[in-house]
Amino acid sequence: MPQKEFIVAIELGSAKITGIAGKKNADGSLNVLAVAEEDSSSCIRKGMVYNLDKTSQSITNILKKLRQALKSEIAMVYVGASGQSIHCVKNVVVRDLPDDTIITQDIINDIMDSNRAMVYPEQEILDAITQEYKVGAQLQADPIGIQAKRLEGNFLNILQNKSYYRNLNKCFDKAGIEIAEMYLAPMVMAESVLTESELRGGCVLIDLGAETTTVSVYYKNILRHLSVIPLGGNNITKDIASLHMEEADAEQAKLKYASAYTDINDIEENATIKVKEDLNISSKLFIECVEARVQEIIENAWNQIPQEYASRNLLGGIVLTGGGSNMKDIKAAFRNYTHIDKIRIANTVKQTVTSNLPEITAQDGKMNTALGLLAKGDMNCAGVPANKSGDLFSSVETSHPVQEPRTETPKGPGVIMSPEERAELEKRKIEKERQEQQLREMEAAKAREQEEEEPIKSPEKKKKKFGKLFDSVKDYVTKIVSEE
């Protein structure tokens with residue numbers, strides 16, 4: 001039976017592009033109806049689209065698979081934005097106020113607008129998170145109603161390369177699908193995997209992806225830092241491949257044998273690992289390759305955390321997610337370097353999820369971002385995709401991406417017009433009929449005049465004179481009618 005109500009989300013990862021469709025129930029639980037995946041290693045690098053044609057084709061393939069599973073058309077999708085170029089910048093906006101000024105919402109809005117107006121070369125602000133307001137020497141989350149002479153707003157601006165969104169929109173345009181909303185993927189996932197106590201007490205969320213590792217720091221329910229480093233599970237695979245094997249074999253060896261931390265007493269000097277029938281490698285070399293890259297990822301991720309939070313304010317500890325969090329002893333590796341005992345692996349989202357699909361039931365952390373996007377969506381994505389020819393009435397109404405306006409296709413012949421255009425056409429039609437009626441009345445009047453008028457001495461002259469007048473009026477009316 002065709003599905004009539006559902007939400008569709010697409011996550012563009014460095015290893016694969018994932019499409020997910022499902023329903024959100026009144027209690028917040030999710031029912032996943034379909035999942036589709038396409039390899040993205042040849043079109044997305046470090047979370048950034050670099051081959052537009054291949055990316056749009058992958059999106060088209062995903063939409064086709066989802067349509068077949070749902071037996072319904074898809075009008076729009078939610079999209080998660082991520083990638084190496086995402087980073088954060090702190091900004092402070094100060095206002096000196098007249099004496100005895102009481103802070104109002106208008107003053108707060110003015111400060112927020114000033115922050116949003118900040119210009120960063122080749123960058124655009126994806127989101128602006130208010131950290132706190134400083135009133136005198138006191139920090140306030142909500143300063144409205146307080147009397148002050150000076151107000152200071154502290155903001156965390158999340159930036160992204162302008163070309164990223166342009167390329168992303170081009171890909172979805174080529175695929176013929178509208179973007180309902182574009183969300184910052186790390187923040188959406190944090191909402192779905194972090195508990196209230198972790199957000200309040202302070203924690204570090206580390207998403208271990210294929211080519212990137214995303215680090216998010218939360219404290220008192222506010223995002224305090226966000227960064228993406230260009231290191232991930234593929235770096236481990238490439239190092240294993242340096243032991244004289246193909247990357248496909250290296251990936252299989254990593255999934256089967258790799259451990260993020262191995263006690264030195266457990267390493268056997270002459271032991272070997274069987275990669276395939278005709279290939280054995282030294283177990284010690286394999287362990288050294290894996291641990292070296294894991295340590296590099298951990299060190300770089302930990303160095304991204306501001307010192308004020310790394311040394312304290314992390315009552316919630318570290319939360320690991322993503323495909324890399326499935327590696328054996330990954331918690332021990334992080335604990336050994338960071339000296340933080342409280343480490344949790346978020347294998348799935350905190351919402352109740354029902355599905356019989358193996359991608360969902362695996363609960364390996366790989367679907368957390370897609371599930372977070374599904375939980376974030378609030379519009380029905382079922383329907384007919386927007387008609388790119390400009391026919392405004394042959395498709396459902398959908399939202400557009402939240403960035404540069406798209407150029408509309410000029411209206412051509414046969415296109416259903418807008419109400420204003422129809423009213424104008426009706427007005428011209430009435431005027432045309434009025435002029436034609438006037439022409440017919442003139443012809444009838446001329447005929448009656450000829451019948452009733454007595455003969456004159458020069459009928460040819462009178463006919464010629466009247467004919468010129470009649471012909472001029474007729475030509476004028478004919479011209480207007482032809483233009484219409």
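The values are calculated or read from the model by the stated rules, or taken from the named source; none is laboratory data. All values derive from a computational prediction rather than experimental measurement. Here the Cβ is made from the backbone with ideal geometry for all residues, glycine too, and neighbour counts use every protein chain on show. Accessible surface areas use protein heavy atoms only, side chains included; no ligands, DNA or RNA. Shrake-Rupley method; radii C 1.70, N 1.55, O 1.52, S 1.80 Å.
A few remarks follow.
- Condition met for Ile360 (farther than 21 Å from Ala81 by Cα, hydrophobic (A, V, I, L, M, F, W, C), out of contact with any His (no Cβ under 7 Å at 6 or more places or on another chain) and assigned to a loop (DSSP other than H, G, I, E, B)): no
- Taken over the stretch 292-309, the criterion of being assigned to a helix (DSSP H, G or I) and touching a strand residue (DSSP E or B) at 6+ places or on another chain (Cβ under 8 Å) is satisfied by Ile297, Asn300, Ala301, Tyr309.
- Ile62 being of a type in the set (A, V, I, L, M), touching an Asp or Glu at 6+ places or on another chain (Cβ under 8 Å), over 28 Å from Ser227 (Cβ atoms) and crowded, with 16+ Cβ neighbours inside 10 Å: yes
- Residue that is nearest to the chain's Cα centre (by Cα), among those in the stretch 269-311 that are closer than 15 Å to Ile229 by Cβ and open to solvent by 80 Å² or more (accessible area, probe 1.4 Å): Asn303
- Qualifying residue in the stretch 115-137 (condition: more than 30 Å from Ile62 (Cα to Cα), assigned to a helix (DSSP H, G or I) and over 14 Å from the mean Cα position of the chain (by Cα)): yes
- Qualifying residue in the stretch 278-285 (condition: at pLDDT 90 or above and in contact with a Phe, Trp or Tyr (Cβ under 9 Å, 6 or more places away or on another chain)): yes
- If only residues of the stretch 196-222 that are among the hydrophobic types (A, V, I, L, M, F, W, C) and farther than 24 Å from Ser40 by Cα are counted, the one that is farthest from the chain's Cα centre (by Cα) is Cys203.
- Of all residues making up the stretch 230-282, the number that are small (Gly, Ala, Ser), more than 30 Å from Gly13 (Cβ to Cβ) and touching a helix residue (DSSP H, G or I) at 6+ places or on another chain (Cβ under 8 Å): 1
- Residue in the stretch 220-236 that is closer than 18 Å to Lys350 by Cα, touching a strand residue (DSSP E or B) at 6+ places or on another chain (Cβ under 6 Å) and open to solvent by 30 Å² or more (accessible area, probe 1.4 Å) present: no
- Every residue from the stretch 223-242 that is outside any strand (DSSP E or B) and in contact with a Gly (Cβ under 7 Å, 6 or more places away or on another chain): Gly232, Gly233
- Taking the conditions (1) assigned to a helix (DSSP H, G or I); (2) buried (at least 17 other Cβ atoms within 10 Å of the Cβ) in turn, Gln351 satisfies each one other than (1).
For (1) in contact (Cβ under 8 Å) with a residue 60 or more places away in the chain; (2) part of a helix (DSSP H, G or I); (3) under 30 Å from His339 (Cα atoms), each residue gets a yes or a no:
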residue	(1), (2), (3)
Gly145	no, no, no
Leu156	yes, no, yes
Leu168	yes, yes, no
Ala180	yes, no, no
Tyr183	yes, no, no
Glu198	yes, yes, yes
Asp207	yes, no, yes
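- The residue list Ser197, Ser216 contains one member that is closer than 30 Å to Asp364 by Cα, among the small types (Gly, Ala, Ser) and either open to solvent by 50 Å² or more (accessible area, probe 1.4 Å) or modelled with pLDDT under 90 (or both), which is Ser197.
- Residue pairs meeting the criteria (Cβ under 8 Å; at least 6 apart or on separate chains; first within 16 Å of Glu37 (Cα to Cα) and at pLDDT 95 or above, in the stretch 341-370; second surrounded by fewer than 16 Cβ atoms within 10 Å (Cβ to Cβ) and of a type outside the set (A, V, I, L, M, F, W, C)): none
- Considering residues of the stretch 28-59 that are free of Cβ contacts under 8 Å to residues at least 40 places away in the same chain and among the charged types (D, E, K, R) only, the residue surrounded by the fewest Cβ atoms within 10 Å (Cβ to Cβ): Asp39
Residue-by-condition table, conditions (1) open to solvent by less than 80 Å² (accessible area, probe 1.4 Å); (2) among the hydroxyl-bearing types (Ser, Thr, Tyr):
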residue	(1), (2)
Cys88	yes, no
Asp96	no, no
Asp100	no, no
Ile107	yes, no
Ser114	yes, yes
Ala117	yes, no
Glu122	no, no
Tyr133	yes, yes
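- Conditions (1) in contact (Cβ under 8 Å) with a residue 40 or more places away in the chain; (2) of a type in the set (A, V, I, L, M); (3) under 28 Å from Ile177 (Cβ atoms): number failed by Val89: (3)
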